[in-house]
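The block underneath contains the structure these notes are about, expressed in structure tokens.
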Amino acid sequence: MTTISHHIPDSMLAAYAAGTLPAPFALVIATHVSMCSDCRASLEAHHVAGGVVLEDCAPASLSSDLKANVLDMLDQPFDDVPRPKRSGIYPGPVMEQLKGKPPRWKPLGGGVKQTILSSSDEGSARLLFIPAGQAVPDHGHNGLELTLVLQGSFSDDTGYFGTGDLEVADEDLEHIPIAGAGLPCICLAATDAPLRFNSLVPRLLQPIFRI
Amino acid sequence: MAVRDHRDRAAFAELFDYFAPRLKGFILRTGTGAAQAEEIVQEVMLTVWRKADQFDPSRAQVSAWIYQIARNRQIDMFRKESRPLPEELNQEPDTEPDASQVLGLEQEAARLKEALNNLKPEQREMIHQAYLGELTHKEISTRTGLPLGTIKSRIRLGLERLRHDLKDMR
Ligand SMILES: [Zn+2]
């Protein structure tokens with residue numbers, strides 16, 4: 001098992017604990033935590049801090065029947081929805097987005113493929129498949145981009161990212177990631193800028209990938 | 001925790017008496033109306049009862065666990081889809097929690113509480129805002145007064161133990 005050396009920044013982990021991260025980033029964080037016991041432990045630290053804040057809140061008086069109602073409901077049957085499980089290299093949160101099915105790859109040219117997991121005004125999340133040794137010219141993302149390696153590795157100007165590593169790149173970073181040798185590199189990538197796939201990205205990719 | 005071990009209603013009632021009013025205060029502070037706040041309190045406390053067997057006091061603190069359930073519930077109410085959550089770790093059923101570890105975690109949480117209570121009022125307010133979900137990650141990272149380092153350093157030992165435990169569970 002490889003060691004993870006690029007972890008989640010503290011501010012992002014705190015925001016994830018508090019629930020203020022855009023959904024595509026929350027997906028990346030939940031996926032990294034599924035792969036990384038260091039970050040799982042740190043997340044627990046933020047939950048402890050959240051618990052301190054909760055206990056610190058001034059108690060509000062409850063409706064007189066609330067407690068009795070809750071106690072009456074304790075024996076009611078309930079559906080325990082099981083959380084999706086990991087399948088192969090795809091951790092549970094990714095499998096949830098894939099609705100339990102294998103990714104349906106769409107070619108982007110040059111052997112690079114993608115599967116869009118979500119796209120909304122909060123941003124987008126997708127899986128990227130890059131053949132070993134292949135370069136991915138900068139895709140001109142707007143806003144912040146998180147890239148989590150699920151299989152294989154990639155390198156760019158900022159360093160080496162192996163399986164489980166998370167790269168946080170702001171829009172100023174002009175990076176050209178190159179997939180490492182060995183297995184194809186499969187990443188989960190998310191941005192917080194609205195995805196303009198139908199216009200911007202294909203336009204940018206067109207000369208590069210000759211789509 | 002007695003709720004976990006015996007599904008004891010009396011213990012749950014006690015937990016309810018302590019946490020439900022605080023939970024309501026917490027939820028009201030996030031700008032939710034009173035009626036909806038009680039609805040969330042009810043669902044969170046029911047989840048606490050139903051998932052009590054999944055709670056491991058040697059790996060988590062009860063208020064931290066309830067905080068997490070409450071935030072998940074609140075966020076899911078405002079979204080169509082439920083928020084992405086990490087995989088659950090496989091837990092050996094019926095393993096007794098390690099008492100020294102439970103105590104250690106309690107002590108560190110108490111130290112963290114003390115540290116947060118001793119912060120300057122502005123800093124304390126900022127911590128409240130962050131964990132009530134009033135700050136974006138950008139705001140959290142740019143507000144220099146936010147003592148995120150304090151949080152990690154106060155429960156450093158607990159984190160190391162946790163990491164160690166979690167690695168064994170993978
Ligand atoms: Zn990590």
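So how many residues does region A:31-58 have that are within 15 Å of the ligand (Cβ to nearest atom) and β-branched (Val, Ile, Thr)?
2
Only residues that are assigned to a helix (DSSP H, G or I) and either within 11 Å of the ligand (Cβ to nearest atom) or open to solvent by 10 Å² or more (accessible area, probe 1.4 Å) (or both): list them for region A:13-30, please.
Answer for region A:13-30, where residues must be assigned to a helix (DSSP H, G or I) and either within 11 Å of the ligand (Cβ to nearest atom) or open to solvent by 10 Å² or more (accessible area, probe 1.4 Å) (or both): A:LEU13, A:ALA23, A:ILE29.
Given the conditions (1) assigned to a loop (DSSP other than H, G, I, E, B); (2) out of contact with any Lys or Arg (no Cβ under 8 Å at 6 or more places or on another chain); (3) at negative phi, report the number of the one that A:GLY143 does not fulfil.
Of everything listed in (1) assigned to a loop (DSSP other than H, G, I, E, B); (2) out of contact with any Lys or Arg (no Cβ under 8 Å at 6 or more places or on another chain); (3) at negative phi, A:GLY143 misses just condition (3).
Can you name the helices (runs of 4 or more DSSP H) wholly within region B:50-144 that have at least 2 residues being away from chain A (no Cβ under 11 Å) and open to solvent by 20 Å² or more (accessible area, probe 1.4 Å)?
Here the list reads B:99-117, B:121-131.
Go through region B:53-73 and give me each residue that's farther than 18 Å from A:GLU44 by Cβ and at pLDDT below 90.
Passing the criteria: only B:ASP53.
Any residue in region A:34-52 that's closer than 21 Å to A:ARG83 by Cβ and more than 7 Å from chain B (Cβ to nearest Cβ): show its pairings with residues that are assigned to a helix (DSSP H, G or I) and open to solvent by 10 Å² or more (accessible area, probe 1.4 Å) at Cβ separation under 6 Å, as long as the two are six or more apart or on different chains.
none
Can you tell me how many residues in region A:2-23 are touching a strand residue (DSSP E or B) at 6+ places or on another chain (Cβ under 9 Å) and more than 9 Å from chain B (Cβ to nearest Cβ)?
Total meeting the criteria: 5.
The values are calculated or read from the model by the stated rules, or taken from the named source; none is laboratory data. Here the structure is a predicted model, which is why all the values come from computation and not from measurement. Ideal geometry is used to build each Cβ from the backbone, glycine not excepted, and the neighbour counts take in all protein chains shown. Accessible surface is based on the protein model in full, side chains and every heavy atom, while ligands, DNA and RNA are left aside. Shrake-Rupley method; radii C 1.70, N 1.55, O 1.52, S 1.80 Å.
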